[in-house]
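The values are calculated or read from the model by the stated rules, or taken from the named source; none is laboratory data. All values derive from a computational prediction rather than experimental measurement. Cβ placement follows ideal geometry from the backbone for every residue including glycine, while neighbour counts extend to all protein chains displayed.
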């Protein structure tokens, strides 16, 4: 162990001290931690020398994604979602598959040496969005709530939906490359998905039962109540992984089951797991900058650069535009939703899965395209989130109440989002996109 722990601690302390001043500015936490990683990496100050193939990087990234998947899934209220499913259903049901297909086609055209299945792997790696990289979008209460919640739910669900697709694509790619046989590939997919779902159901049921029984009978101290969901995510992952299942599928399913079974009056029980996810995400981004991104920047070529730019623009924006056909959404709305599809944690962890567990002939190309795209997304979406959100809000509020854009003005119920204390949010009784009788936006409250 060198200076790695001291670097991580110093970065967390430094950002904590100025976090309130940076809130709402163009400098995001993701930019800060990736930037620190670039500065302290082996090719720079050489204070952080953890190998990309080492267990530390893998365990950190996997633990972070497991907590985030459980947390994201547990925040989605399915009853609420059924009442306003149009935007997230279109983004996930139409936009997500088209993004994968378009990303694979572009990879096949730019990287002629890779196989079709490897191109699909790249498409899946860069399909999930990470709303935390543009948190100004999903926490801005003046934004039309239908748009804000659509992007929020999309980000919360698409990484979990991409996990089984990734394992299927990897199995097919390895079978095509001759690394494993077809029968072995099928068995791997069945085990990953099957045991993953079993672990998720068991973890979700046990966690919900602990919360329900413990709160009903007064058995749990309030501080320990926050530990239960974090332990539940670990239980689901820890049950599925030794059996050959996907711990990520297990964590995601467990969060969904937990959300469906726990009592609404049990109170806020996910604060600890949310905060664990935030801290681990920050550390993962620092490690990403120091260990994964910095070496790739030294060998960046034009094909990788073009792919990264296209992945964040046409590969994302065209599928979103197609998905929103027939909804009546205005062009500014389609452009806004299309642009805000940041790539972050899920893509990093998926790439590490490919690095550690897959045996693909063109692994370096796959990893380079993923790392550079995520790095560009951290910068581009971080810088643009706050100003473009303000510009879009100004466009929306410039319309009189009786001539508001019809699609955008439909209120959507609030889905909870991980946020630091003190960030202004909209009261559930008064959705952000609905207007008062005099046409003014609803008042904001602070939690």
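Out of (1) closer than 18 Å to residue 281 by Cα; (2) surrounded by fewer than 16 Cβ atoms within 10 Å (Cβ to Cβ), what's the single condition that is false for residue 69? In the conditions (1) closer than 18 Å to residue 281 by Cα; (2) surrounded by fewer than 16 Cβ atoms within 10 Å (Cβ to Cβ), residue 69 misses (2) alone. Here residue 62 meets each of (1) over 20 Å from residue 155 (Cβ atoms); (2) surrounded by 13 or more Cβ atoms within 10 Å (Cβ to Cβ); (3) touching a residue at least 24 places away in the same chain (Cβ under 8 Å) with one exception, condition (1).
Evaluate the following for residue 213: is it within 30 Å of residue 263 (Cα to Cα) and either touching a residue at least 24 places away in the same chain (Cβ under 8 Å) or within 25 Å of the chain's Cα centre (by Cα) (or both)? Spell out the reasoning first.
Values: within 30 Å of residue 263 (Cα to Cα): yes; either touching a residue at least 24 places away in the same chain (Cβ under 8 Å) or within 25 Å of the chain's Cα centre (by Cα) (or both): no.
No; evaluated as a whole, the condition is false for this residue.
Checking the condition at pLDDT 85 or above and within 20 Å of the chain's Cα centre (by Cα), which residue from 154, 140, 191 passes? None of the other options fit; the residue is 154.
Kindly indicate which of 208, 231, 185, 241 is modelled with pLDDT of 85 or more and closer than 21 Å to residue 350 by Cα.
Numbers: 208 fails: closer than 21 Å to residue 350 by Cα; 231 fails: closer than 21 Å to residue 350 by Cα; 185 fails: modelled with pLDDT of 85 or more.
Result: 241 is the single residue among 208, 231, 185, 241 that is modelled with pLDDT of 85 or more and closer than 21 Å to residue 350 by Cα.
Those helices (runs of 4 or more DSSP H) of segment 284-336 in which at least 3 residues are in contact (Cβ under 8 Å) with a residue 60 or more places away in the chain, under 20 Å from the mean Cα position of the chain (by Cα) and crowded, with 24+ Cβ neighbours inside 10 Å, considering only elements entirely within it, cover 314-323.
Quick one: which of 105, 114 is without any contact (Cβ under 8 Å) to a residue 40 or more places away in the chain, closer than 26 Å to residue 307 by Cα and more than 20 Å from the chain's Cα centre (by Cα)?
Details: 114 fails: without any contact (Cβ under 8 Å) to a residue 40 or more places away in the chain.
So the residue among 105, 114 that is without any contact (Cβ under 8 Å) to a residue 40 or more places away in the chain, closer than 26 Å to residue 307 by Cα and more than 20 Å from the chain's Cα centre (by Cα) is 105.
Any chance you could count how many residues in segment 256-276 are at pLDDT below 90 and in a helix (DSSP H, G or I)? Here the count works out to 13.
Screening the candidates 386, 358 for the property of being crowded, with 18+ Cβ neighbours inside 10 Å, within 29 Å of residue 58 (Cα to Cα) and at pLDDT below 90 yields one hit, 358.
Take the conditions in contact with a helix residue (DSSP H, G or I) (Cβ under 9 Å, 6 or more places away or on another chain), more than 27 Å from residue 120 (Cβ to Cβ) and surrounded by 15 or more Cβ atoms within 10 Å (Cβ to Cβ) and apply them to residue 233. Does it pass?
Details: in contact with a helix residue (DSSP H, G or I) (Cβ under 9 Å, 6 or more places away or on another chain): yes; more than 27 Å from residue 120 (Cβ to Cβ): yes; surrounded by 15 or more Cβ atoms within 10 Å (Cβ to Cβ): yes.
Yes: the conditions hold for residue 233.
Does residue 279 fit the bill of being at pLDDT 90 or above, crowded, with 18+ Cβ neighbours inside 10 Å and not in a loop (DSSP other than H, G, I, E, B)? The answer is no for residue 279.
Of the residues making up segment 95-132, those that are out of contact with any helix residue (DSSP H, G or I) (no Cβ under 7 Å at 6 or more places or on another chain) and outside any helix (DSSP H, G or I) are 112, 113.
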